[in-house]
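Structure first, then comments.
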Amino acid sequence: RILRAESQKLGYPSTFTIYDTADTKSLLNSIIKELKLDTQTYKVNEVYGRISSAKNNLITPQAYANNTQLVSFDRQTRKPEIARIYAMYMQRCYKAAAMDFDDLLLNTNVLFRDFPDVLSKYQDKFKYILVDEYQDTNHSQYLIVKRLAENHQNVCVVGDDAQSIYSFRGANIENILNFRNDYPNYKLFKLEQNYRSTQTIVNAANSVIAKNKRQIQKVSFSAKGVGEKIKIIKAYTDQEEGFMVASAISDIIHREHAHHKDFAILYRTNAQSRIFEEALRKRNIPYRVYGSLSFYQRKEIKDTLAYFRLTVNPSDDEALKRIINFPTRGIGNTTVQRLEATANQKEQSIWVTIEQLGTDSSELKPAAINKVIQFYNLIKQFGTIAYTADAYEAAEAIISNTGLLKEFKADGSVEGITRLQNIEELLNSIKEFSEARKEEGEAELITLADYLENVSLLTDADNDKPEDRDKVSIMTIHSAKGLEFDYVFLAGIEEELFPSRLSTGTLEELEEERRLFYVALTRAAKMATISHAQVRYKWGNLTSSIPSRFIAEIDPEWVDNEDVETPPDTVATLGGMQTNPANFGKSNLARANQGRFQGRRLARIGTESTTESNEPSQGSNPYSIKEGSVVYHDRFGKGTVVAIENDGQNAKAIVSFTKVGQKNLLLKFAKLKIIG
């Protein structure tokens, strides 16, 4: 309203347009293309993030171009034209009489800074200022409040520094921490009663947040009673973690007569949802992914699966149309529409229509035909491995050689990192599926076609009834802020996952991760359960994990010591540890060129090994396992061998597992470890 009334002083009409995020990104995309910049280098999301951050820190295009630190950073990240894009973007917005969301704050600051009479007018108008969620304000918002309150000093801010978790969006915790310096005559009112959680949960959260050095000291308390202690689930693998969490939810529902909507599973990254989605499905527990799409409905997952589908079935027109120009290959909508029209006319697939481009007359121009044929040849080279190679190795080859991996790696924005994590998790699911099927003796070779047959059932299960609200909520911790549930499960609480390996470089980053853990724990009203795994797949390799430091920071008085049984320590026997996604796609297979897949040994991702992917890696000699042996399995846990069937390569163990019942496993693939 201030800008509407005063916009003419800045050269804008009072009827200026407000661009939403989609409008902003569309204009930026046009400018990037106009400047003939590489769209793989200048990703719209990343450029948008840089410009938004500059505006929130009141850095104009000219100031940006003159800032040696910013310009140097852009050069180091191979984006030296950011300043130029920023300047052109602002010029276009001004010409169009438009402001984006960040401009509303930036221009209000410019107005107050450059027009003292305007500032004085609104200082007189707003004699009392109230700001909610002050811990989430950015620098631009902070200055608007400070300028308006400069004369009368009547400011009341409400906030909790312990819940400042949005620095990646520009929020600055210094605003609330330094309030007493900005307003020396301040009065501090501590609202320390927690009306949601039990005293045990509050005490546990207090004991963790107390480790932060920079904070406003307070001691929260609850009048809801002591409540149950914090439960700790110690799983061996991430799959077992999903199984145990789903089982615990089912048990509580039956024991306490609780509803599904009373439960939430919280995790640090979106990619972690897959494990819990699949575990809940297997137990017929309804759920919803809050604030995001279900794992198999996310764009990057659907795009990647479309490549797999087309490789397995070239007649899949919907898959072809989805990815023929992703990543960008210069194949436009007009070309695709003409191909589809020809295919429909001849009652054949688009794939067959492309095959005939060299012999039939075509309405397509030679340049378009050439691009389409290149795409055809790219997909065709994978046709054999979809049915003859291990599913994981085939998936790696496709992702690495089609440009998908490069596309996902190139985007360094928060959204880009999330997409890359989701692709990693998709590959992990393929690895788990392949190994599980081989262990259970279904086949010695599990192909990509086998995986697609299975995953199609999972994607269809996402199409449940949206009106049914009695569902378990699963979400990132950031999405959970402001929400509450009777029963909360904090999942994947391990070093490098939470705290994130991307957020432990400085004390400030680590303290924000600790605040995020505090927020997660205090979402629970009745019971909080923390789970972690000893090993989990990372880029297709089984990798050891250690419990998060945040678990150790909880005062033991508030933790249930009768934890779920910890599996035997077999982590040291695991080989091939690999965690760096930068190594993904550097195996022999991923470097293979067109037409060179058939007849090759398929190396594991991120390694140079030439070991066949279907050769088992045993924790114990498989053929030394006998009836009565007590064994441990990566996914099923502890069990006793009931019987051995067959001999040699076909030997099977019938194992009664404590948690999942009886399983029939091929010994050469089962990776059983004798523990007694």
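The values are calculated or read from the model by the stated rules, or taken from the named source; none is laboratory data. Keep in mind that this is a model prediction, so the values were computed, not measured. Glycine also receives a Cβ, built like all others from the backbone with ideal geometry; neighbour counts cover every protein chain displayed.
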Could you look through segment 484-507, keep only residues that are among the charged types (D, E, K, R) and free of Cβ contacts under 8 Å to residues at least 60 places away in the same chain, and pick out the one that is surrounded by the most Cβ atoms within 10 Å (Cβ to Cβ)? Glu494
Checked segment 472-496 for anything of a type in the set (A, V, I, L, M, F, W, C) and either farther than 22 Å from Glu509 by Cα or assigned to a loop (DSSP other than H, G, I, E, B) (or both); matches are Val472, Ile474, Leu483, Phe485, Val488, Phe489, Ala491, Ile493
If I filter segment 189-207 for residues that are among the aromatic types (Phe, Trp, Tyr) and at pLDDT 95 or above, do I get at least one hit? yes
Going by the conditions given, is Tyr166 without any contact (Cβ under 8 Å) to a residue 12 or more places away in the chain and out of contact with any Ser or Thr (no Cβ under 8 Å at 6 or more places or on another chain)? no
Selection from segment 245-274 of residues that are out of contact with any His (no Cβ under 9 Å at 6 or more places or on another chain), at pLDDT 95 or above and aliphatic (A, V, I, L, M): Val245, Ala246, Ala248, Ile252, Ala258, Ala264, Ile265, Leu266
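A quick yes/no check of all residues on (1) surrounded by fewer than 24 Cβ atoms within 10 Å (Cβ to Cβ); (2) under 30 Å from Glu496 (Cβ atoms):
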| residue | (1), (2) |
| --- | --- |
| Val219 | yes, no |
| Ala223 | yes, no |
| Val226 | yes, no |
| Ile232 | yes, yes |
| Ala235 | no, yes |
| Asp238 | no, yes |
| Ser247 | yes, yes |
| His257 | yes, no |
| Tyr267 | no, yes |
Hits in segment 362-380 - residues which are over 13 Å from Val336 (Cα atoms), among the hydrophobic types (A, V, I, L, M, F, W, C) and surrounded by 14 or more Cβ atoms within 10 Å (Cβ to Cβ): Leu378, Ile379
Which of the residues spanning segment 12-68 are on the phi > 0 side of the Ramachandran plot and surrounded by 15 or more Cβ atoms within 10 Å (Cβ to Cβ)? Leu58
Is there any pair with a first residue in segment 47-68 that is in contact (Cβ under 8 Å) with a residue 40 or more places away in the chain and a second that is not in a helix (DSSP H, G or I) whose Cβ atoms are under 7 Å apart and which are 6 or more apart or on different chains, and what are they? Gly49/Ser413; Ser53/Gly170; Asn56/Asn138; Asn56/Gly170
Top-ranked residue of segment 12-36 - restricted to ones that are assigned to a loop (DSSP other than H, G, I, E, B), of a type outside the set (Asp, Glu) and touching a helix residue (DSSP H, G or I) at 6+ places or on another chain (Cβ under 8 Å), ranked as modelled with the highest pLDDT: Leu35
Of the candidates Glu174, Glu150, the one satisfying the condition of being closer than 30 Å to Ala552 by Cβ and either among the basic types (Lys, Arg) or free of Cβ contacts under 8 Å to residues at least 40 places away in the same chain (or both) is Glu174
Within segment 252-262, does at least one residue satisfy the condition of being aliphatic (A, V, I, L, M), assigned by TED's automatic domain parsing to the domain that holds Val519 and in a helix (DSSP H, G or I)? yes
Look through segment 497-526, keep the residues that are more than 20 Å from Ser273 (Cβ to Cβ) and part of a loop (DSSP other than H, G, I, E, B), and return whichever of them is modelled with the highest pLDDT. Thr522
How many of the residues in segment 279-294 are buried (at least 21 other Cβ atoms within 10 Å of the Cβ) and either out of contact with any strand residue (DSSP E or B) (no Cβ under 9 Å at 6 or more places or on another chain) or modelled with pLDDT under 90 (or both)? 1
